[in-house]
Each structure stands twice: as structure tokens, then as C-alpha cells.
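I have placed the structure first, in the form of C-alpha cells, so that the comments after it can refer back to it.
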Amino acid sequence: MARGRGSASVLLILVVLLSVGIGAVVIAWWPLTDAFGDDTTVRTRRTTATVVQSASCAERGAHDLVELTADGDATRVPFDGCGHSEGTRLRVRVPEPLGDDALARPVDAEHGTGGAGLSGRLGRVLLVLAALSGAGYVLLLRSARPREPG
């Protein structure tokens with residue numbers, strides 16, 4: 001029994017889809033590096049901060065001012081948010097080491113936004129794989145249609 005020409009094209013489609021899927025997974029999990037291979041990810045630490053000066057959210061790019069303890073010293077840094085009441089305690093992430101241009105961010109900022117965190121990468125990988133499997137299924141259905149002799 002000889003195989004028809006259709007089964008070879010289906011196999012080729014599946015190989016291409018598998019290769020693209022593996023490539024998408026590798027790219028999504030690849031560490032962020034610059035051209036020289038140095039790590040460009042910012043190391044952060046989690047801590048608790050207290051709002052010492054609230055900023056009105058009516059202004060664009062407004063930041064509350066928070067105070068936190070870093071290396072035994074009380075430090076004031078802007079917070080990536082506005083409108084919090086003075087004295088409110090917040091869980092924040094700050095860059096390590098803490099520089100002059102540091103910005104405190106909410107701890108929950110990486111969850112549910114498709115950011116660079118583990119859940120964001122996993123979400124992107126699953127989205128790409130779902131799209132590829134859907135495209136492969138459509139191609140398989142299309143090639144399985146009975147053809148009229150001609």
C-alpha cells in the first residue's frame with residue numbers, strides 16, 4: 001500500500017507546528033540578557049513601607065512618598081501609585097541596591113498583568129501553544145475533507 005501525497009503534507013505541517021511551538025517555549029523562557037551576556041534583570045527585595053506623603057491621582061504620573069527600612073536606615077522613596085492615606089502600610093518591591101532613582105512598586109504588580117514574572121511567561125507560552133494547536137487542528141480538518149475525483 002502506497003501512502004498518498006496528502007499524508008506527507010500533514011506530516012510536514014505537524015513538524016513545522018511542533019518546531020514553532022518549541023521555539024516559542026524557548027524564547028519565552030530564555031533569560032533576559034544583553035548583547036554581552038550580562039544579566040539585565042533588576043534584583044529586588046520585598047519589604048514593608050509606610051506612606052508618609054500622599055499624592056493626588058489627578059496629576060499624571062503622581063507618586064506617593066513612602067518610608068522603608070533598608071540596611072538598617074530609614075529611607076524615603078517614591079511609590080509607583082497614588083492616593084494612599086498617610087500612615088498606610090504597603091508591601092513593596094524595591095531595587096537592590098537602593099539607588100537615588102529607586103522606585104518602590106507594589107508586590108502584586110507582576111501578577112495577572114502578563115509581566116516578566118513566572119506567571120506572565122507561563123501565560124505567554126500557553127497562549128502561543130494554544131494558538132498553534134488550534135491552527136494545526138484547522139489544517140488537519142481541512143486536509144481530511146473528501147476530495148472529488150478530477
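For region 45-52, putting each phi into the Karplus relation 6.51 cos²θ - 1.76 cosθ + 1.60 with θ = phi - 60° gives couplings of 10, 9, 8, 10, 10, 10, 6, 10 Hz, in residue order, rounded to whole numbers and with x for Gly and Pro.
Close amide H pairs (under 5 Å, H built 1.01 Å from N) link T44 with E96, residues at least 5 positions away or on another chain.
Accessible surface computed residue by residue for region 59-107, with neighbouring protein chains in place and a 1.4 Å probe, gives 63 Å² per residue. Taking the accessible area of region 47-95, probe 1.4 Å, and keeping the other protein chains in place, the carbon and sulfur fraction comes to 41%.
For V66, the residues whose modelled amide H falls within less than 5 Å of its own, excluding neighbours fewer than 5 places apart on the same chain, are V52, V77, F79. Applied to region 126-140, the Karplus parametrisation 6.51 cos²θ - 1.76 cosθ + 1.60 on θ = phi - 60° returns per-residue 3J(HN,Hα) values of 5, 5, 5, 5, 5, 5, 5, 5, x, 5, x, 5, 4, 5, 5 Hz, with x for Gly and Pro.
The values are calculated or read from the model by the stated rules, or taken from the named source; none is laboratory data. Bear in mind the structure is a predicted one, so any value in this text is a computation, not a measurement. Accessible surface areas use protein heavy atoms only, side chains included; no ligands, DNA or RNA. Shrake-Rupley method; radii C 1.70, N 1.55, O 1.52, S 1.80 Å.
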